[in-house]
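Q: Here it is, the structure in full.
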Amino acid sequence: MRYSSIGIFCIFNILMLPICIAQNIYVGGGLLMSTYFGDLSPNSLKSSSTEIHPGFGFYISKKIFTPFYIQVEYEHCKLTGNDAKSNNEGRRLRNLSFESPLSLLAVSGKIQLKFNRNNTCGLSGGLGYAVFKFDPRTTLNGKKYSLKYYSTEGQGLPGGPPPYKLIQGAIPVTGGIYIKIANNLYTEFQITQFFTNTDYLDDVSGLYFNPDVLIQYKGQIAYDLSYRTQEILPSAPGYSGGEPRGNPKQKDQFLFMKLGFAWSFDAKNFSRKISRKKVNCPSF
């Protein structure tokens, strides 16, 4: 119910922005590059560059008063992580991996600080709230599996933690720069860090679960997805449950680097131009 209310609020803002009396409206969009920070993220800069993926987004914002704006945006991307790319031996032996599509809708308060009177360039920053949907998956023996269903850490099973939801919230913090390149047309570069309220973006958070209970309720494939050390170390003894699998003390995060364009127009002047157009009667 909470997420539905936020979604309705966002959609209401999108529909109302063009007819508000605010002087300036910006409509923009472009490409983004995404990466994530969590239990399966690489811990070296070189490895991290292999987990950056393209996406896209668009937004609409309106000026409330100088220099404050309200912005609504939609973005879509992919997040991935892989223990095999870590330079930590323990994580490589853990051998877990994931990928997840991610779609989000965000509402933010935004400040634009112009460098000159003509507003040809400036800085921007913002803070808001986002609702996003994700679905962590992995590949085993050439087949792709949706991890949430298999309760890899016993989520929802007797003696296990509660199941996590695939719709979660996050706090986006944004900073960027914009440059005017033509009349009412701007290009902009932004970096947004999303601080989520979940530790299951990658389906890894706490402890290995009791394998007997896991197999009883979810089958052998759930065990194979939860414990993958034996794929690269066949002599590994397996686990009995209760051993650390992830770090539950820190929530997952993800980051967007965005490059796009925005068109600015004056809502009042736009309305006047439409109302002043003459409509001629048809000739017979």
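Q: Just for the range 1-59: of the residues that are assigned to a loop (DSSP other than H, G, I, E, B) and at pLDDT 55 or above, which one is surrounded by the most Cβ atoms within 10 Å (Cβ to Cβ)? Give the derivation first.
A: Restricting attention to the range 1-59, the residues satisfying the condition of being assigned to a loop (DSSP other than H, G, I, E, B) are 1, 20-23, 38-44, 52.
Now narrow it down to the ones that are at pLDDT 55 or above: 38-44, 52.
Working: 38: 24, 39: 24, 40: 28, 41: 23, 42: 22, 43: 11, 44: 11, 52: 15.
For the range 1-59, the residue satisfying everything is 40.
Q: Next up: Could you grab me the full set of residues in the range 108-123 that are touching a Phe, Trp or Tyr at 6+ places or on another chain (Cβ under 6 Å) and either crowded, with 18+ Cβ neighbours inside 10 Å or part of a loop (DSSP other than H, G, I, E, B) (or both)?
A: 110, 122
Q: Here's a follow-up. For the range 220-260, what are the residues that are in a loop (DSSP other than H, G, I, E, B) and in contact with a helix residue (DSSP H, G or I) (Cβ under 8 Å, 6 or more places away or on another chain)? Write out each step before concluding.
A: Residues of the range 220-260 in a loop (DSSP other than H, G, I, E, B): 227-228, 232-243, 245-252.
Passing the criteria: 227, 228, 232, 233, 236, 238, 239, 240, 241, 245.
Q: Moving on to the next point. Do you know which residues across the range 178-209 are polar (S, T, N, Q) and not in a loop (DSSP other than H, G, I, E, B)?
A: Answer for the range 178-209, where residues must be polar (S, T, N, Q) and not in a loop (DSSP other than H, G, I, E, B): 187, 190, 192, 193, 196.
Q: Which pairs do you get when a residue that is within 26 Å of residue 172 (Cα to Cα) and open to solvent by less than 30 Å² (accessible area, probe 1.4 Å), found in the range 129-158, comes within reach of a residue that is modelled with pLDDT under 95 and not in a strand (DSSP E or B), reach meaning Cβ atoms under 7 angstrom, with the pair 6+ apart or on two chains?
A: As it stands, the answer is 131/3; 131/6; 131/7, since those pairs meet every condition given.
Q: Shifting gears a bit: Tell me whether the range 167-174 contains one or more residues that are assigned to a strand (DSSP E or B), among the aliphatic types (A, V, I, L, M) and surrounded by 19 or more Cβ atoms within 10 Å (Cβ to Cβ).
A: Looking only at the range 167-174, we keep the residues that are assigned to a strand (DSSP E or B), and these are 167-174.
With among the aliphatic types (A, V, I, L, M) added as a condition, the list becomes 167, 170-171, 173.
Still in the running and surrounded by 19 or more Cβ atoms within 10 Å (Cβ to Cβ): 170.
Checked the range 167-174: at least one residue is assigned to a strand (DSSP E or B), among the aliphatic types (A, V, I, L, M) and surrounded by 19 or more Cβ atoms within 10 Å (Cβ to Cβ).
The values are calculated or read from the model by the stated rules, or taken from the named source; none is laboratory data. These figures come from a predicted structure and were not determined experimentally. Backbone-built Cβ (ideal geometry, glycine too); neighbour counts: all protein chains shown. The accessibility values were calculated without ligands, DNA or RNA, using every heavy atom of the protein model including side chains. Shrake-Rupley method; radii C 1.70, N 1.55, O 1.52, S 1.80 Å.
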